[in-house]
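Have a look at the structure below before the remarks.
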Amino acid sequence: MSTPSEPQGRYASFEAFYPCYIHEHSNRTCRRIHVVGTGLVILALLAFVVTLNPWWLLAMPLVGYGFAWVGHFFFEKNKPATFKYPLWSLMGDFRLFFETVSGKRKF
């Protein structure tokens, strides 16, 4: 399976980027770690809303990126898209999470 090629320069849209994002998450363990990390980010946000403790806001990127980067460095063995496409990568994490919990993508 070949990687969807990046256009000259940058992707023009998130929809053009997402197939590459999915390809970069082809390892099942990496995807699972991403889903768990994103779920913990959502729980940290809810904990902040309930407690108004700002430490939960600090926990969000630490947990989210921590889980994701472990998945990439140890299982997928590639460089996270966060470094080149930070916003679209974050959007991809949440789309992957919701596709997985809704049953549209295998866990």
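Identify, please: which residue in segment 70-107 is in contact (Cβ under 8 Å) with a residue 12 or more places away in the chain, part of a helix (DSSP H, G or I) and among the aromatic types (Phe, Trp, Tyr) and is, among those, surrounded by the most Cβ atoms within 10 Å (Cβ to Cβ)? Residue satisfying both the conditions and the ranking: Trp88.
In the set (1) surrounded by fewer than 17 Cβ atoms within 10 Å (Cβ to Cβ); (2) in contact with an Asp or Glu (Cβ under 6 Å, 6 or more places away or on another chain), Pro61 fails one condition alone, (2). If Leu62 satisfies all but one of (1) farther than 14 Å from Leu96 by Cα; (2) in contact (Cβ under 8 Å) with a residue 12 or more places away in the chain; (3) assigned to a helix (DSSP H, G or I); (4) not aromatic (Phe, Trp, Tyr), what's the number of the condition it fails? Of (1) farther than 14 Å from Leu96 by Cα; (2) in contact (Cβ under 8 Å) with a residue 12 or more places away in the chain; (3) assigned to a helix (DSSP H, G or I); (4) not aromatic (Phe, Trp, Tyr), only one is false for Leu62: (2).
Out of the residues in segment 1-16 that are small (Gly, Ala, Ser) and modelled with pLDDT under 90, which is nearest to Asn27 (Cα to Cα)?
Just the residues of segment 1-16 that are small (Gly, Ala, Ser), to begin with: 2, 5, 9, 12-13, 16.
Next, only the ones that are modelled with pLDDT under 90 stay: 2, 5, 9.
Numbers: Ser2: 14, Ser5: 19, Gly9: 27 Å.
Per the stated criteria, the residue is Ser2.
The values are calculated or read from the model by the stated rules, or taken from the named source; none is laboratory data. Being a predicted model, the structure only gives us computed values, none of them experimental. Note that each Cβ is placed from the backbone with ideal geometry, even for glycine, and that neighbours are counted across all protein chains shown.
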